[in-house]
Amino acid sequence: MCDLLKRLNLYHIPYTIDNLPPRTIVDVKKIPEMRRNTNILVIDDSGFVLIEALRKYGYQVNEKKDLDSVNDVAAYDIILCDIRGVGKFLNSKYEGAKLIQEIKLKYPSKKVIAYTAEDFSPSYSNLIDFADKKVEKGTSVDDWTSLLDDSVKDKYDLKKQWLMTRDALIKESIPIRLVAEYESEYVNAISKGSIDKLIQRYTVNQSNGFAVMIELLKLTNNVLSLILKFNGGVA
């Protein structure tokens, strides 16, 4: 990104993501708390056999046989999505693969994990590739805990959250110059602790990519509050 900005002569952009304050929690000692404060949704019409095993490890896991709307995932940080038998409201032959695409387009900061026991044609795979990870059914609980812990830690990595959001903005054909300005505003807002004001501005102005930015800022607000809690009130 920095090289691209230089080529565009965008030197007036005051902040980049590398100027983000050190507010990422990846300390293994915090993992139990991070699990308790991360909401996971499983979308599977036939049920997820490891759900109780994962709950015993402290994961907050809910399960739905299907959704009525993409908005149904709004309250969750990580989504595990089957391919067959879900996403029926979209009326697509690609079922869960299409649902995965729609979730990632609307909520790029959420982690989506596709899991299935089948191999699919390239037309399905192009949609499944929107998922952050692909896992085969029958994966052991140990492998699931490792994968979920990595996803949980990513929730608290604000740099990674921005990079996912930046990619989503670029996919929406938002001009690079504007994306760079959003990046600078994001870093500056976190440094000053003024996320709410930035959310309000995007909500009122509704500029290009505003919906994606609002989702990122809401997540960031939540993460910063939890960081304060984990650290005993010290950011």
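Restricting to segment 52-64, what's the tally of residues that are more than 12 Å from PRO32 (Cα to Cα), in contact with a strand residue (DSSP E or B) (Cβ under 8 Å, 6 or more places away or on another chain) and not aliphatic (A, V, I, L, M)? Final tally of qualifying residues: 3. Within segment 71-96, being surrounded by 15 or more Cβ atoms within 10 Å (Cβ to Cβ) and under 17 Å from the mean Cα position of the chain (by Cα) holds for ASP72, VAL73, TYR76, ASP77, ILE78, ILE79, LEU80, CYS81. Considering segment 3-20, the residues that are at pLDDT below 90 and open to solvent by less than 60 Å² (accessible area, probe 1.4 Å) include one that is nearest to ILE113 (Cα to Cα), namely LEU20.
So how many residues does segment 117-161 have that are in a loop (DSSP other than H, G, I, E, B), without any contact (Cβ under 8 Å) to a residue 12 or more places away in the chain and surrounded by fewer than 13 Cβ atoms within 10 Å (Cβ to Cβ)? Count: 3. The residues on offer are SER184, SER173, SER191, and the sole one that is part of a loop (DSSP other than H, G, I, E, B) and more than 22 Å from LYS30 (Cβ to Cβ) is SER173. Restricting attention to segment 162-180, does a residue exist that is at pLDDT 90 or above, within 17 Å of the chain's Cα centre (by Cα), surrounded by fewer than 21 Cβ atoms within 10 Å (Cβ to Cβ) and not aliphatic (A, V, I, L, M)? Yes; the residues of segment 162-180 include at least one that is at pLDDT 90 or above, within 17 Å of the chain's Cα centre (by Cα), surrounded by fewer than 21 Cβ atoms within 10 Å (Cβ to Cβ) and not aliphatic (A, V, I, L, M). When we screen ILE51, ILE100, ILE113 for residues that are modelled with pLDDT of 95 or more and touching a Lys or Arg at 6+ places or on another chain (Cβ under 6 Å), the only hit is ILE113. One residue alone among VAL204, VAL223 is part of a helix (DSSP H, G or I), open to solvent by 70 Å² or more (accessible area, probe 1.4 Å), out of contact with any Asp or Glu (no Cβ under 8 Å at 6 or more places or on another chain) and β-branched (Val, Ile, Thr), and that residue is VAL204. Right, ILE100: under 20 Å from the mean Cα position of the chain (by Cα) and within 23 Å of ILE214 (Cα to Cα) or not? Taking the combined requirement at face value, the residue satisfies it.
For ILE40, the criteria (1) aliphatic (A, V, I, L, M); (2) under 30 Å from ASN231 (Cβ atoms); (3) in contact with a helix residue (DSSP H, G or I) (Cβ under 6 Å, 6 or more places away or on another chain); (4) outside any helix (DSSP H, G or I) hold in every case but one, which is (3). If you filter segment 21-47 down to residues that are open to solvent by 20 Å² or more (accessible area, probe 1.4 Å) and farther than 13 Å from VAL152 by Cα, you find that the one that is modelled with the highest pLDDT is ASP45. Scanning segment 33-77 for residues that are touching a residue at least 40 places away in the same chain (Cβ under 8 Å) and over 22 Å from SER92 (Cβ atoms) yields GLU33, MET34, ARG35, ASN37, THR38, ILE40, LEU50, ALA53, LEU54, TYR57, TYR59, ASP77.
The values are calculated or read from the model by the stated rules, or taken from the named source; none is laboratory data. Given the structure is predicted, the values throughout are model-derived calculations rather than measurements. Methodologically, a virtual Cβ is constructed for each residue, glycine included, from the backbone with ideal geometry; neighbour enumeration extends over all protein chains shown. All accessible areas refer to the heavy atoms of the entire protein, side chains included, with ligands and DNA or RNA removed. Shrake-Rupley method; radii C 1.70, N 1.55, O 1.52, S 1.80 Å.
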